[in-house]
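Coordinate-derived values only; no laboratory data. None of these values were measured; they are calculated from a predicted model. As a convention, Cβ positions derive from the backbone with ideal geometry for all residues, glycine included, and neighbour counts pool all protein chains shown.
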Amino acid sequence: MRTILIYGRSKSKKWDYNHHVIPPISSSSTFRLDTAKRGAQGFAEFAHHHNGSKIESKAPIYIYDRLGEPNKELLEEHLAAAEGGGCAVTFSTGMAAVSGVLGALTGIGDEIIAHRVLYGCTYSLLTNWYPRYQITTQFLNLTNAPDLRRHITERTRVVYLETPVNPTLELIDIEAVVEVVREANKHRPPARKIYVVIDNTFASPFCQRPLELGADFVVASLTKGICGFGTDMGGVVVGPEWSYDLLMLYRKDFGGVLAAKSAWPILVYGISSLAVRMKEQIRNATQIAEFLENDSRIGRVQYPGLASFPQRELAQKQMRDYDGAFAPGSVLYFVLRGKTPRMRRDRGETFINYLARHAYSITLAVSLGHIRTLIEHPSSMTHSAIPLDQQVVDGIDPGGIRLSIGLENPEDIIRDLTSALDAND
């Protein structure tokens, strides 16, 4: 698979680039058509591949970037292979991908069951916008998968979760959730099937492949680990082959299309280097997590790679790389000591502010999975859409700090962390 991430499929009809070592970048938003008949054929083929009357040319007929173009379709082939899915459809951002899969699977009167802790913008989507379309959300603790059974209703269409959870790194047993949903689907007509959708951004397909564990769809922000360099935004939905037309129609009509100029670097640099980057970042993250755990000024460290991680057995079961080795990811979450939540929050803010001013190898910035180490304060930044009292209930400590480990020398990162801890005493 590490080789496939570089080469993709041995042959692709998306673009005949056999004489290019690297696929060239496509810079055209619209494409010349030889005849009106060819244009009509292209429109007839768009999103009509799996309806029982398949019509498809020997080579794709490109018409307009929003419908499709070579760079992102080559990238989609790579991403489908990386996640083990039947198809992949890219979007302009991770949130466009989340909106795309949920919008394609739900309608007026439907219900989504989601884990109690989600990325702040996903939480906002489900609580501020979907109620306007009479799509409601139940927020549950999905770490207790059997409890899901009694909350499924006739209106339920999607079970949505992140694992590892952003930002606490709590894990959810994918196979256990899938089994509950599978049992529920036995008593439902196909048109009312419940789908399991998992945000795999934190792990990346290198560390975890939810489709192999029974999930129906995977969504991810390409901006994070898959891009890896902090240069381009993107999102992807990977799922069964039948969903391709549905997702493409949604993307066409709602317009969240990944630009060719963003697809190209993710294809050429990002996904091809994912495996080698993640291996090194996991090594660094493990060393830094162990350092933090052994510092008396740190109250708690959450990292699946630590022996003390509460869900260590589950982490070792479902977080595996392509060779079967344990792959706990490159993100960790820690809390400085403090008797009260307010004290921990103040200490965390002081700690982060010091790093922002003085650190060389740690950058105060949102996002994750980059070659540079990034630090942020979820309570006031990425998860600020969640009310503070709800954050506490859901396990997001007001003083919690999220640290995404990059490719720097780990001793340099530890030196910066030590300096900030010393200044915070």
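Reported to the nearest whole Å, the Cα centre-to-centre distance from region 276-294 to region 360-425 is 15.
When the alpha carbon gyration tensor of region 82-140 is reduced to an equivalent ellipsoid, its three semi-axes come out at 21, 13, 12 angstrom, largest first. Work through the residues other than residue 92 whose Cβ is under 13 Å from its Cβ and net out their charges, Lys, Arg +1 and Asp, Glu -1. That sum, taken over residues with Cβ under 13 Å, equals +3. Taking only alpha carbon atoms, region 277-341 gives an Rg to Rh ratio of 1.02, where Rh is the Kirkwood radius. Charging the Cβ of each Asp and Glu at -1 and of each Lys and Arg at +1, and nothing else, the dipole of region 60-211 about its Cα centre rounds to 600 debye. Of the Cα atoms belonging to region 97-215, the radius of gyration and Dmax stand at 13.4, 37 Å. Here the Gaussian network model covers the chain, with springs between Cα atoms less than 10 Å apart; of 197, 159, 180, 180 fluctuates the most. With equal scatterers on the alpha carbons only and no solvent term, can you work out the Debye log10 of I(q)/I(0) for the chain at 0.08, 0.12, 0.13 1/Å? Normalising to I(0) and taking log10 leaves -0.45, -0.99, -1.14. Ordering 288, 256, 272 by the projection of their Cα atoms onto the charge dipole of the chain, which places +1 on the Cβ of Lys and Arg and -1 on the Cβ of Asp and Glu, puts 256 at the extreme positive end.
Extension gain, residue 242 to residue 326: 0.36 nm times the residue separation minus the Cα-Cα distance gives 27.0 nm.
Separation of region 99-165 from region 68-94 is 24 Å, based on Cα centroids. Measuring against 31 Å, Cα to Cα, the residue pairs 193/279; 14/37; 13/193; 279/339; 252/317 contain 193/279; 13/193; 279/339; 252/317 as the ones spanning a longer distance. For the pair residue 185 and residue 44, label points projected 7 Å from Cα toward Cβ lie 3.4 nm apart.
If you run the Gaussian network model on the chain, springs between alpha carbon atoms under 10 Å, then out of 63, 266, 112 the most flexible one is 63. Projecting the Cα atoms of 326, 120, 353 onto the charge dipole of the chain (Cβ charges, centred on the Cα centre) puts 120 farthest toward the positive pole. Of the trypsin sites (Lys or Arg not before Pro) found in region 186-286, the ones in coil according to DSSP and having at most 16 other Cβ atoms within 10 Å of their Cβ are 186, 193. Convex hull of alpha carbon positions in region 221-305: directionally averaged projected area 8.1 nm². Positive contributions from Lys and Arg (+1) and negative ones from Asp and Glu (-1), summed over other residues with Cβ under 11 Å from the Cβ of residue 209, come out at -2. Here the chain carries DSSP beta bridges of which approximately 55% are antiparallel, counting only pairs with both residues inside. Normalising the average separation of contacting C-alpha pairs (under 8 angstrom, six or more residues apart) by the number of residues puts the relative contact order of region 303-385 at 16 percent.
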